[in-house]
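The values are calculated or read from the model by the stated rules, or taken from the named source; none is laboratory data. Since the structure is predicted, the reported quantities are computational estimates derived from the model, not experimental observations. Cβ atoms come from the backbone with ideal geometry, glycine included; neighbour counts cover every protein chain shown.
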Amino acid sequence: MPDKLTVGIVGYGTMGCGIAQVAATAGCEVLVYEVNRDVLTKSNQNLTKILSRLVEKEKIDQAKADSIKNSIKEVNELLDLGPCDLVIEAIIEDPEVKKNVFSKLEDYVNSDCIIASNTSSLSIASLASSCHNAARFIGIHFFNPAPLMHLVEIIPAIQTSNEIIDKAKAIIDSWGKTTVLAKDAPGFIVNRIARPFYGEALRIYEEGIADFATVDWAMKEIGGFRMGPFELMDFIGNDINYIVTETVFKAFYYDPRYQPSFTQKRFYEAGFLGRKSGQGYYSYQEGADSPSPKADRALGKHIFDRILVRLINEAADALHFGVATKEDIDIAMTKGVNYPKGLLVWADEIGIENCVQRMDTLFNHYHETQYRCSPVLRAMMKTGLTFYQTEKRHA
Ligand SMILES: NC(=O)c1ccc[n+]([C@@H]2O[C@H](COP(=O)([O-])OP(=O)(O)OC[C@H]3O[C@@H](n4cnc5c(N)ncnc54)[C@H](O)[C@@H]3O)[C@@H](O)[C@H]2O)c1
């Protein structure tokens with residue numbers, strides 16, 4: 001790889017613009033290809049604002065801001081991405097549109113150029129198959145906002161060569177990001193393991209156990225999460241969050257563990273998208289009251305325990321199916337979605353036996369397969385092992 005990398009970005013929307021900023025900040029030449037001129041103008045305006053703010057806060061000086069801006073150049077044709085060492089695609093989440101871009105792009109770039117997708121939910125193997133040389137293709141999944149979120153999931157397809165995995169990881173590490181290696185399985189690490197944070201919260205609401213404000217209060221006050229599930233869904237957007245859930249559910253051949261919620265679907269259908277539409281689970285209109293939680297600690301603990309054990313169970317199952325190492329699973333959830341602790345560290349702390357009992361209590365109550373306990377937890381309970389302490393607890 002040359003000292004100064006040339007990085008191509010296809011699609012200069014929310015993610016493309018953020019990734020371009022990250023690459024330019026790391027000293028790369030960035031070539032941007034975007035089909036919509038209005039998006040180009042808007043993203044450039046946003047970037048200028050962000051850089052000015054960074055200068056005001058003395059995070060960077062004016063010379064650095066200018067060099068970042070000057071390193072990002074728009075190109076008019078996909079063909080102009082020819083000199084790139086790495087191209088990251090960040091266009092709409094449509095497999096056919098993406099594949100069409102990759103098959104054309106491959107003819108324009110050098111044979112050693114890495115071609116990557118920032119897809120959140122599509123199979124990397126399927127996208128890679130659009131290239132003649134699928135071994136050069138990889139998933140590089142940034143989180144939103146890309147300049148602020150430290151985590152990047154690196155997702156090799158079964159076709160990807162080891163050399164490309166190492167190179168892609170080294171480049172993104174050199175940009176100051178924390179990379180984790182994820183299997184090309186639905187939702188990769190974060191979007192798979194985080195599902196119960198939303199799903200179980202919605203279920204608790206649907207069963208009338210607690211309202212939105214009380215669930216959010218429990219997860220923040222008792223669990224130490226920065227945002228509650230309903231606040232977070234309003235922040236992400238109920239459209240985006242619902243679609244991700246539905247995509248993961250379908251990709252898992254309708255495993256009930258990933259079942260979407262009718263409540264969220266109705267909010268999405270009603271246009272109650274959250275912050276961006278002014279109304280979601282909460283109102284964001286000027287002067288709107290914020291509902292008070294029922295600050296009952298016993299209820300709060302029940303809610304938190306239930307959501308946490310579902311998350312731990314999901315993390316354990318991801319480990320069981322080789323989605324990532326235990327360390328990467330914990331890094332992904334703390335750095336990708338700001339969880340206060342790694343879920344497997346948390347499991348060790350509250351005790352594996354406790355986790356199994358809580359899952360079994362839920363399963364025995366509902367008799368629904370979504371509450372099945374991960375075989376990893378059950379096996380660990382039998383042997384007395386924990387995730388991070390490999391010797392037996394009871395010698
Ligand atoms: N928004 C997120 O939170 C987030 C997080 C991680 C990953 N992603 C993934 O990143 C990708 C982009 O998402 P986004 O939120 O930035 O979308 P976005 O709608 O903000 O931007 C996509 C841009 O791609 C452009 N585009 C569409 N077709 C194109 C083409 N053929 N050539 C060039 N440009 C084209 C569109 O004009 C648009 O500006 C998706 O695959 C999404 O799943 C999104």
**Request:** Restrict the check to segment 282-294 and report whether at least one residue is in contact with a Ser or Thr (Cβ under 8 Å, 6 or more places away or on another chain) and within 16 Å of the ligand (Cβ to nearest atom).
**Result:** no
**Item:** Identity of the residue in segment 113-127, surrounded by fewer than 24 Cβ atoms within 10 Å (Cβ to Cβ) and among the small types (G, A, S), that ends up farthest from the ligand (Cβ to nearest atom)
**Value:** A125
**Item:** Near pairs, Cβ below 7 angstrom, 6+ apart or cross-chain, from segment 162-177 (assigned by TED's automatic domain parsing to the domain that holds L148 and touching a residue at least 40 places away in the same chain (Cβ under 8 Å)) to any residue that is in a helix (DSSP H, G or I) and surrounded by 13 or more Cβ atoms within 10 Å (Cβ to Cβ)
**Value:** I164/A135; I164/R136; W175/V22; W175/A23
**Item:** Any hit, segment 266-275, residues being of a type in the set (A, V, I, L, M) and within 16 Å of the ligand (Cβ to nearest atom)
**Value:** yes
**Prompt:** When you scan segment 137-156, how many residues do you find that are touching a strand residue (DSSP E or B) at 6+ places or on another chain (Cβ under 6 Å) and not β-branched (V, I, T)?
**Reply:** 9
**Message:** Any residue in segment 18-34 that is of a type in the set (S, T, Y) sitting within a Cβ distance under 6 Å of a residue that is in a loop (DSSP other than H, G, I, E, B) and within 9 Å of the ligand (Cβ to nearest atom)? List the pairs, counting only those 6 or more apart or interchain.
**Reply:** none
**Request:** Just need a number here: residues in segment 319-330 that are within 15 Å of the chain's Cα centre (by Cα) and within 15 Å of I155 (Cα to Cα).
**Result:** 4
**Complete:** Those residues of segment 81-110 which are surrounded by fewer than 19 Cβ atoms within 10 Å (Cβ to Cβ), more than 9 Å from the ligand (Cβ to nearest atom) and either of a type in the set (F, W, Y) or free of Cβ contacts under 8 Å to residues at least 24 places away in the same chain (or both) amount to E96, D107, Y108
**Prompt:** What residue, among those in segment 332-370 that are in contact with a Pro (Cβ under 9 Å, 6 or more places away or on another chain) and farther than 21 Å from V190 by Cβ, is surrounded by the most Cβ atoms within 10 Å (Cβ to Cβ)?
**Reply:** E368
